[in-house]
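The values are calculated or read from the model by the stated rules, or taken from the named source; none is laboratory data. Quick caveat, the model's predicted, so the values are computed rather than measured. Cβ placement follows ideal geometry from the backbone for every residue including glycine, while neighbour counts extend to all protein chains displayed. For the accessible areas, the whole protein counts, side chains as well, though only heavy atoms, and no ligand, DNA or RNA atoms are used. Shrake-Rupley method; radii C 1.70, N 1.55, O 1.52, S 1.80 Å.
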Amino acid sequence: MKSGSVKAFFKDRTRIGWVAVVVLAVFFATIGDPTYIHLGSLVAIWALWGSSFNLIWGYAGQFSLAQVGFGAVAGYSVAILTARWGWSFWAAVPLAIALTVLFSVVVGYFSLRLSGFYFAIMTLAFALLVVRVISSSELAGRSTGIKSNFDIGTISLGPLEWNLTSRTGGFVLLAFVLLAAVLAFIGRIERSGTGWALNGLREDETLSRSLGIEPLRFRLVGFMVSAVIAAIGGILYATYLRYISPGFFGLPAVIAMIALVVLGGRGFRFGPVLGAVVYIGITQWLEVGGEWGDGVFGALLILLVLFAPKGLLGIDLRRLRRRAEPPPPTDDDEPVAARPVPRRESQGVKA
Amino acid sequence: MSSELFLQALVNGLMLAALYALVALGLTLIFGLLDVVNFAHGQLILLGAYVLSSIVDIGANFWVALPLVVVGLVVLGVVLDMALFARVRDEPINGLLISLGLVAILENAFHVIYGPDLRRVAPPIDAVIDVAGIRISGNRLLVIVVTVFVLVALSYFLRRTRTGKAMRATAEADEAAGLMGIRVERIRHIAFAAGAGLAGLAGVLMATVYPIEPSLGEGPLIMGFAALILGGSRSPLGAVLGAVVIGMVQSFGTTYLSSSLADVLVFAFLILILFWRPQGLLRARLETAL
Amino acid sequence: MTAEVAPGEVLLECTDLVRRFGGVAAVDGVGFGLRAGEVSALIGPNGAGKTTVFNLLSGFLAVTSGSITWRGRDITSAKATARAGSGLVRTFQQPRVFAALTVHQNLVTATHAVVPSRVSADLLGLPGARRRARQRQGFADELLDRFDLAVHAEVKAGDLPYGLRKRLGLVLGVAASPRVLLMDEPAAGLNDAEVELLKQDLATIRGSGVTICIVEHHMGLIMSVSDRVMVMESGRMIADGTPAEIANDERVVAAYLGQGATA
């Protein structure tokens with residue numbers, strides 16, 4: 001079997017992904033410059049949001065636009081509990097996550113029976129409902145928002161002090177540690193029966209049901225887990241910015257989240273990390289195209305959808321290399337895609 | 001006094017309904033014929049409004065600018081469909097993703113060119129009409145009148161003309177339509193162009209009533225989607241009825257509660273409708289009527 | 001995999017099945033039982049209601065009236081997934097496979113009924129989850145060998161030629177560890193060599209103790225593999241007997257064979 005080489009290849013990719021996450025974390029956390037702390041925090045937070053959407057769409061096949069709403073519920077819960085009611089940050093976080101999961105069950109109950117366009121609009125309606133409820137609530141500071149707790153303390157490890165306060169290197173490290181934990185967790189799901197069930201449902205729901213895979217049960221699990229990930233992202237966002245307002249959670253945030261997952265490669269575990277780096281890199285860091293950064297990002301998204309719809313990680317390098325070589329002389333002008341499978345496989349190994 | 005408030009809410013509701021109907025019709029044409037959920041529709045509305053303000057700024061008359069904007073958007077619609085959306089027909093989700101890319105590009109362009117400030121277009125009608133004791137701004141009435149005119153024209157187009165019939169046939173069953181000699185791709189270009197033109201018209205009309213600002217298109221986009229779903233998602237008549245329902249809920253909600261709560265009502269209503277009747281309100285009524 | 005079932009025990013039984021679409025009864029009072037170890041065929045002209053019967057038995061359609069029992073238990077309103085999980089599995093006329101997954105991944109996914117996922121254990125990474133993941137891989141490897149699919153193991157199912165996709169669809173059903181396997185037109189679209197292979201597969205599946213019921217138009221296949229043939233016409237059962245009896249039944253000849261649908 002050829003599975004050995006293929007598996008080795010994928011193992012390498014996973015390794016590359018982990019190395020990249022560690023390098024990013026060390027780079028952004030130690031450089032100390034406020035600009036880089038800003039960029040690093042945003043990369044980690046957007047990678048978390050992207051991972052949340054990637055899990056529910058890339059893995060489970062549900063185009064859920066509610067993820068930003070989950071982030072808002074969690075972020076606001078922590079902000080209200082700490083700033084208004086004097087809770088400690090670390091007591092507020094578990095409650096906020098629990099509330100978000102509860103909310104995701106409600107959204108899931110209403111939406112998971114729907115498919116395609118209807119599911120997308122239903123979840124979008126929930127996300128926007130959350131924003132409107134927040135903007136009309138005195139408790140949540142209406143449209144101006146409220147301050148959130150940012151001085152979340154220090155962890156002492158013997159002689160080492162880990163300062164978690166927002167806008168420090170320690171905070172960036174915390175964000176990346178949480179991101180790494182989420183990525184490891186998604187990897188665990190990927191290899192488990194639950195992951196296979198989600199894959200199956202994404203590919204063919206009828207076939208999955210005929211094999212005993214219960215759609216609602218597994219999708220609800222996927223939804224709840226994705227809500228937890230979005231909640232972590234939302235709480236970090238509110239903590240990092242030191243305040244929270246409905247403006248963060250509108251349609252533009254939904255769009256950015258989708259775009260960075262597509263860019264990195266839907267269904268690839270490290271896709272959202274790459275997507276977040278490119279997104280923040282283009283719009284905030286390198287400032288590619290100057291004030292046209294968002295436009296450049298949008299154009300990049302369109303180009304990828306047209307020419308590499310599987311995203312950056314989905315680009316088949318071997319095939320690109322093969323295309324770059326002069327075509328072998330053949331009698332027929334058969335396009336590559338139309339060739340029978342075994343030939344394509346053997347070509348891939350040769351190249 | 002309260003009856004005056006009621007009538008005011010009614011007129012505002014009708015105006016919102018008119019705007020949402022234009023948007024929802026465009027979305028319905030594009031979704032019905034191309035299977036694309038066009039998130040860029042909000043930006044096309046905004047494009048109509050901004051371009052109108054620019055044309056009026058260089059001294060042109062509103063009534064000259066209006067057809068220019070609509071024609072411009074129709075042309076843009078054809079170009080976008082041929083250059084982008086036609087390439088991903090087999091994967092509808094990719095059409096949605098392309099529309100997201102367009103959102104980012106247009107939003108950025110508006111920000112660079114027009115900035116975050118409010119822009120106002122001098123209202124074309126400088127009159128307030130007094131009907132039975134309530135004062136209605138002529139411009140709001142204009143929105144309603146123009147929309148009714150467009151709806152009648154569109155209905156005639158879809159029912160009576162060759163192209164309109166071909167469009168309905170394609171929406172019904174595109175393969176069969178293709179076999180019958182209808183040039184399906186051309187029909188799809190026309191559908192996208194018509195949708196873009198309707199968005200441009202909605203933008204122009206909005207600019208006569210509201211100041212133009214970067215988030216002007218977001219509300220109508222969302223409410224347009226809501227109207228589309230209420231109407232059963234592929235029926236033009238349903239989309240218009242959905243728009244009336246949503247316009248009224250929003251207007252009366254805003255009058256008697258608050259604008260945020262009105263939106264909450266609309267979304268809650270949409271969620272419940274999607275839950276109980278994913279096929280939409282109208283389809284259900286037609287079924288029982290038949 | 002297959003549990004201790006007494007040979008001849010009636011595993012699946014349906015009584016007075018009716019299914020209406022609008023005013024039309026696609027299935028109109030059908031009843032029969034499937035005995036353990038038996039290979040039966042359900043034939044009839046197009047539109048006779050055969051696939052609808054399968055959809056009712058497997059839970060993909062709700063019955064209008066009538067009842068279905070599975071090993072003595074009423075399952076008339078049980079979910080399709082619950083039926084599949086208890087060993088009542090069906091395959092599809094169109095070759096359904098997980099197109100973007102490899103053949104091996106397809107089989108791992110299909111082992112869900114054999115090695116059920118415990119969501120909490122999967123999420124928490126308990127040792128049981130890892131053990132079950134290994135069981136799945138092992139079971140999938142075994143099926144690859146048993147049905148000679150190992151050479152295609154790493155090919156994406158959507159890239160397989162039609163005949164192989166159809167075969168994979170069948171093996172996915174087997175991977176769900178059925179006691180009764182309902183096969184909807186397994187020979188449709190296959191060439192002669194592939195039909196021969198299908199006969200072997202049916203023998204293999206039967207040999208492992210699975211009870212088989214086939215909806216099929218391929219009379220050659222039916223006559224050579226079935227113990228029993230049931231004939232439907234216009235939603236009703238018009239004959240039920242051995243292949244020899246059916247071939248000589250006048251009503252059947254008139255209703256079905258006479259129409260030249262023997263291909």
Study note, to complete from the structure: Under the Karplus relation with 6.51, -1.76 and 1.60 and θ = phi - 60°, whole-Hz ³J(HN,Hα) for the range B:241-255, x at Gly and Pro, equal 4, x, 5, 5, 4, 5, x, 5, 4, 5, 5, 5, x, 5, 5
Study note, to complete from the structure: Note on the range C:53-172: alpha-carbon gyration tensor, axes a ≥ b ≥ c; rule is a/c under 1.5 for rounded, else prolate if a/b larger than b/c, else oblate; result oblate
Revision key, fill the gap. From most to least accessible, 1.4 Å probe, no ligand or DNA/RNA atoms counted, C:Lys156, C:Lys166 line up as C:Lys156, C:Lys166
Review point. Do any of C:Lys50/C:Lys166; A:Lys310/C:Lys79; B:Lys165/C:Lys50; C:Lys50/C:Lys79; C:Lys50/C:Lys199; A:Lys310/C:Lys156 go past 27 Å between their Cα atoms, and which?
Key: A:Lys310/C:Lys79; B:Lys165/C:Lys50
Revision key, fill the gap. What helix-only [θ] at 222 nm does chain A give? Using -39500 (n - 2.57) per DSSP H run of at least 4, over all residues, to the nearest 500, the answer is -21500 deg cm²/dmol
Check your understanding: To the nearest 100 Å², how much accessible surface do chains B and A hide from each other in total, with a 1.4 Å probe?
Key -> 3500 Å²
Review point. Which percent, nearest 5, of DSSP beta bridges in the protein assembly as shown are antiparallel?
Key: 65 percent
Check your understanding: Using the alpha-carbon atoms, what tilt in degrees (0 to 90, nearest 10) does helix C:162-175 show relative to the longest principal axis of chain C?
Key -> 80 degrees
Check your understanding: Who wins for biggest fluctuation among A:Leu173, A:Leu48, A:Leu300 in a Gaussian network model of chain A, springs between alpha carbons below 10 Å?
Key -> A:Leu300
Exercise for review: Kindly express, to the nearest 10 degrees and within the range 0 to 90, the angle between helix A:251-264's C-alpha long axis and the longest C-alpha principal axis of chain A.
Suggested key: 40 degrees
Review point. Of A:Tyr36, B:Tyr156, which has the most accessible area and how do the rest follow, probe 1.4 Å?
Key: B:Tyr156, A:Tyr36
Review point. For the pair A:Tyr243 and C:Glu196, what calculated FRET efficiency results from E = 1/(1 + (r/R0)^6), where r is the Cβ-Cβ distance and R0 = 60 Å, to the nearest 0.05?
Key: 0.25
Review point. Is any residue of the range C:197-226 close enough, with backbone N under 16 Å, to a label point placed 7 angstrom from the Cα of C:Ala244 along the Cα-Cβ axis, and if so, which?
Key: C:223-226
Review point. Taking only C-alpha pairs under 8 Å that are 6+ residues apart, what is the relative contact order of chain B in percent?
Key: 37 percent
Point to revise | Spacing of the two label points (7 Å from each Cα toward its C-beta) at B:Ala173 and C:Leu124, in nm | key: 5.5 nm
Check your understanding: When chain B is modelled as a GNM with alpha-carbon springs shorter than 10 Å, which of B:Phe267, B:Phe192, B:Phe85 fluctuates the most?
Key -> B:Phe267
**Study point:** Packing-based order for A:253-259, C:221-227, C:21-27, using average beta carbon neighbours within 10 Å, highest first
**Key:** A:253-259, C:221-227, C:21-27
Review point. Can you pull the mean other chain C-beta count within 10 Å for peptide B:264-274?
Key: 5
Check your understanding: Roughly what would the spin-label model give for B:Val152 and B:Asp126, points 7 Å off Cα along C-beta, in nm?
Key -> 2.9 nm
Revision key, fill the gap. Length gained, B:Gln8-B:Leu237, 0.36 nm per residue minus C-alpha separation, equals 79.9 nm
Practice item. Only helical DSSP H runs with n ≥ 4 go in: add -39500 (n - 2.57) per run for chain B, normalise by residue count and round the 222 nm mean residue ellipticity to 500 deg cm²/dmol. Key: -26000 deg cm²/dmol
Study note, to complete from the structure: For A:Phe297 the rounded accessible area (nearest 10 Å², probe 1.4 Å, non-protein molecules ignored) is 10 Å²
Check your understanding: In nm, what is the difference between 0.36 nm times the number of residues separating A:Ala184 and A:Arg142 and their Cα-Cα distance?
Key -> 11.4 nm
**Study point:** Inter-site label distance for A:Arg15 and C:Ala82 at 7 Å from Cα along Cβ, in nm
**Key:** 4.9 nm
Check your understanding: How much of A:Leu179 can a 1.4 Å solvent probe reach, expressed as accessible area in Å² and rounded to 10?
Key -> 0 Å²
Revision key, fill the gap. Residues meeting the amide H criterion for C:Ile238 (H placed from the backbone, H to H distance under 5 Å, 5 or more places apart or on another chain) are C:Val231, C:Met232, C:Glu233
Practice item. Could you tell me which of rounded, prolate or oblate describes the range A:25-116, using a ≥ b ≥ c as the square roots of the eigenvalues of the alpha-carbon gyration tensor, with rounded for a/c under 1.5 and, failing that, prolate when a/b is larger than b/c and oblate otherwise? Key: oblate
**Study point:** FRET efficiency for B:Leu257 and A:Phe27, using Cβ-Cβ distance with R0 set to 56 Å, rounded to 0.05
**Key:** 0.65
Point to revise | Taking chain C and dividing mean pair separation by its residue count, relative contact order in percent (alpha carbons under 8 Å, at least six apart) | key: 27 percent
Review point. What percent does the relative contact order of chain A come to when contacts are Cα pairs within less than 8 Å and at least six residues apart?
Key: 27 percent
Study note, to complete from the structure: Taking R0 as 30 Å and r as the Cβ-Cβ distance between C:Arg146 and A:Leu216, the FRET efficiency 1/(1 + (r/R0)^6), rounded to the nearest 0.05, comes to 0.35
Revision key, fill the gap. Rounded to the nearest 10 Å², the 1.4 Å probe accessible area of C:Cys14 is 10 Å²
Check your understanding: If packing is taken as the mean number of other Cβ atoms within 10 Å per residue, what is the order of C:48-60, C:134-146, B:100-112, highest first?
Key -> C:48-60, B:100-112, C:134-146
Exercise for review: When a/c is below 1.5 the answer is rounded, else prolate if a/b is larger than b/c, else oblate, so apply that to chain B with a ≥ b ≥ c taken from the square roots of the Cα gyration tensor eigenvalues.
Suggested key: oblate
Check your understanding: Taking a 1.4 Å probe, which of B:Ser215, A:Ser77 shows the most accessible area, and what order do the others take after it?
Key -> B:Ser215, A:Ser77
Check your understanding: Is there a simple number for the mean count of other chain Cβ atoms within 10 Å of the Cβ of residues in A:216-226, and what is it?
Key -> 2
Review point. Which value in deg cm²/dmol, rounded to the nearest 500, describes the helix-derived mean residue ellipticity at 222 nm for chain C, given -39,500 (n - 2.57) per DSSP H run of n ≥ 4 and division by the residue count?
Key: -10500 deg cm²/dmol
